[in-house]
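Colleague: Once you've had a glance at the structure underneath, I'll fire off some questions.
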């Protein structure tokens, strides 16, 4: 997953370098939002995953 | 690691192939070979889909790669044709290469055989693959539409609806039940949560394509004289992130925070949950609309529209500004507040058709209001004349009627086909959940089934009947040994329920077996 964040950072950097600053910053805000959503969906632990992962560990000590 | 290598390889294949496709189409349009350009545009997704369909009918392991191989052959043929015509891609079109790279990445991710090739067609149906490969028809519009202002090229105007036809059809067929595959192990990315684009793409694509067609149609219809949209790849780069927010990210968010949690009776209900989803939708829709308005106006986002005084009606302080603000506020109220309030009152998976249509109607009205808001707030050229949105069927009959046609087609995607797609997605998810639980470790399986049955017993009768019926259908699709394990665990849990809970479950199971619900 960290590769996805790296990829997003590279894309954001390329856009900032290519476009005028104002436009580049606009894209940066949007890409930061995408990174936040990715974090929320794939990284942040949710109740069901936590419970299930704990269960799996109990089953497989 | 094989996943990463596989996706990277597919990405490179799609990227290079789409670049060759785009440039061949561009060149043919420039030369005036319009029919040939349209043939090239449709050949790639059509032949690719047919290859996937053919491979799904044949037994064999490597034959499942036929559509990828077909893509490589077609890409090579396009490159050879380009060379024979003496043209090569330009060096200074970074936004186009970036856009195509983003499209190619999505294509690779969605079609990669994560659970192997043996059962590929079971989780990537040919109808789904067809829906996916037709999405890059944006490249056709980029090749066909002018990207320099004041180059109307009206002789090419008829080619725009020709592209929109494939764009619409490939969204429409995703509403078919045959789009979703069955349960296949090896697709989970979190416990009891599979990576299944076929469970979120149909509803997302019908909405996104619907709103694009409504917007483009409305823009064509309000021009006092026949005009052509333009194209700017930077606009697409921005709109892409809006689509990503609305379709995969919102879809996954709904799965993690909503559907899976609700199925296990662990929350995920209430207005707050709907508010979060509504806000993600609203933000994604804003990114996508601002991106596509720029793309089809031939402008680079954040440089002209909304930034320069003549394209900012709030700055100008005119009537369009007031209309724009009112439409924007109303759109937020309808999409986020009203729709969220309404959805809380529905029984997930057991909504009546009337409720499904009401839900879509709110989405439709809210999105349309946002479209109207953008047209006015950005003081787009057709608004500048009258100061508000007006129609000119007498002065521009062709533009008006073609625009209305596109608008109606887009509306049908959202109002008619999206409810079907959403219902199919939900049914497939519930049925697949049974398979995922059956493959879990003993302790996890028991825990999940206890929670699932507990949640079912707490549901209103209609909702429980519907979901039990779907679960039993999912159970019926499992191999004998998995089914036996599930039935054994289910019987154990049923015996531990209170008599009232057991009565409810047995009643729903009886109805399902007798063909009710």
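Colleague: In units of 2.2 N^0.38 Å, what is the alpha-carbon radius of gyration of region B:243-312?
Modeller: Here the Cα radius of gyration is 1.52 times the empirical estimate.
Colleague: Please label the shape of region B:439-513 as rounded, prolate or oblate, based on the square roots a ≥ b ≥ c of the eigenvalues of the alpha-carbon gyration tensor (a/c under 1.5 means rounded; beyond that, a/b larger than b/c means prolate, else oblate).
Modeller: Oblate is the answer for region B:439-513, as a/c is 1.5 or above yet b/c matches or exceeds a/b.
Colleague: Ok, one more. On a full-extension model of 0.36 nm per residue, what is the gain between residue B:85 and residue B:388, subtracting their alpha-carbon distance, rounded to one decimal in nm?
Modeller: Extending this stretch completely gives an extra 104.4 nm.
Colleague: Can you give the angle from 0 to 90° between the axis of helix B:2-31 and the longest principal axis of chain B, with both taken from C-alpha atoms, to the nearest 10?
Modeller: It works out to around 30 degrees.
Colleague: Set the Förster distance to 45 Å, then compute FRET efficiency between residue B:101 and residue B:499 from the Cβ-Cβ distance, nearest 0.05.
Modeller: 0.15
Colleague: P(r) for the protein assembly as shown, please, calculated from all Cα pair distances in 10 Å bins and given in %.
Modeller: 3, 16, 27, 26, 16, 8, 3, 0
Colleague: Here is a follow-up. For chain B, take the longest principal axis of its alpha carbons; what is the angle in degrees between that and the long axis of helix B:499-513, to the nearest 10 within 0 to 90?
Modeller: Relative to chain B, helix B:499-513 is tipped by roughly 60 degrees.
Colleague: Rounded, prolate or oblate: which fits chain B when a ≥ b ≥ c are the square roots of the eigenvalues of the alpha-carbon gyration tensor, with rounded for a/c under 1.5 and prolate only if a/b beats b/c?
Modeller: Since a/c reaches 1.5 but b/c is at least a/b, the shape of chain B is classed as oblate.
Colleague: Compute the Cα gyration tensor for region B:1-144, then decide on rounded, prolate or oblate, letting a ≥ b ≥ c be the square roots of its eigenvalues: rounded whenever a/c is under 1.5, prolate when a/b is larger than b/c in the other cases, and oblate in all that remain.
Modeller: prolate
Colleague: With the crude spin-label approximation of a point 7 Å out along Cα→Cβ, what separation in nm comes out for residue B:1 versus residue B:338?
Modeller: 5.6
Colleague: Next question. Pairing the Cα long axis of helix B:271-297 with the longest principal axis of chain B, what angle in degrees results, from 0 to 90 and rounded to the nearest 10?
Modeller: Result, in degrees: 30.
Colleague: Could you give the nm distance between label points at residue A:5 and residue B:352, where each point is 7 Å from its Cα heading toward the beta carbon?
Modeller: Calculated label separation equals 4.9 nm.
Colleague: Let me know the Kirkwood hydrodynamic radius for region B:392-479, please, with Cα pairs as the basis and the value in Å to one decimal.
Modeller: Radius from the Kirkwood sum: 16.3 Å.
Colleague: Take the Cβ-Cβ distance between residue B:458 and residue B:398 as r, set R0 to 35 Å, and report the resulting FRET efficiency rounded to the nearest 0.05.
Modeller: That pair, residue B:458 with residue B:398, gives E of 0.05.
Colleague: Now, a different point. Any chance you could run the full-extension gain for residue B:492 through residue B:477? It's 0.36 nm times the residue separation minus the Cα-Cα distance, nm to one decimal.
Modeller: Taking residue B:492 through residue B:477 to full extension adds about 3.3 nm, to one decimal.
Colleague: Something else about it: Determine, from the Cβ-Cβ distance of residue B:118 and residue B:35 and an R0 of 56 Å, the FRET efficiency 1/(1 + (r/R0)^6), rounded to the nearest 0.05.
Modeller: Step by step, r from the Cβ atoms, then E = 0.85.
Colleague: Summing -39500 (n - 2.57) over the DSSP H runs of n ≥ 4 in the protein assembly as shown and dividing by its residue number, what mean residue ellipticity at 222 nm do you reach, to the nearest 500 deg cm²/dmol?
Modeller: The helix contribution divided over the protein assembly as shown gives -22500 deg cm²/dmol.
Colleague: What nm value, rounded to one decimal, do you get for the distance between residue B:9 and residue A:44 when each label is placed 7 Å out toward the C-beta?
Modeller: With each label point 7 Å from Cα toward Cβ, the separation is 3.7 nm.
Here, each number is a calculation from the coordinates, and none is a lab measurement. Only a predicted model underlies this, so the values are computations on that prediction, with no experimental measurement involved. Cβ coordinates were reconstructed from backbone atoms using ideal geometry, including for glycine residues, and neighbour counts include every protein chain displayed.
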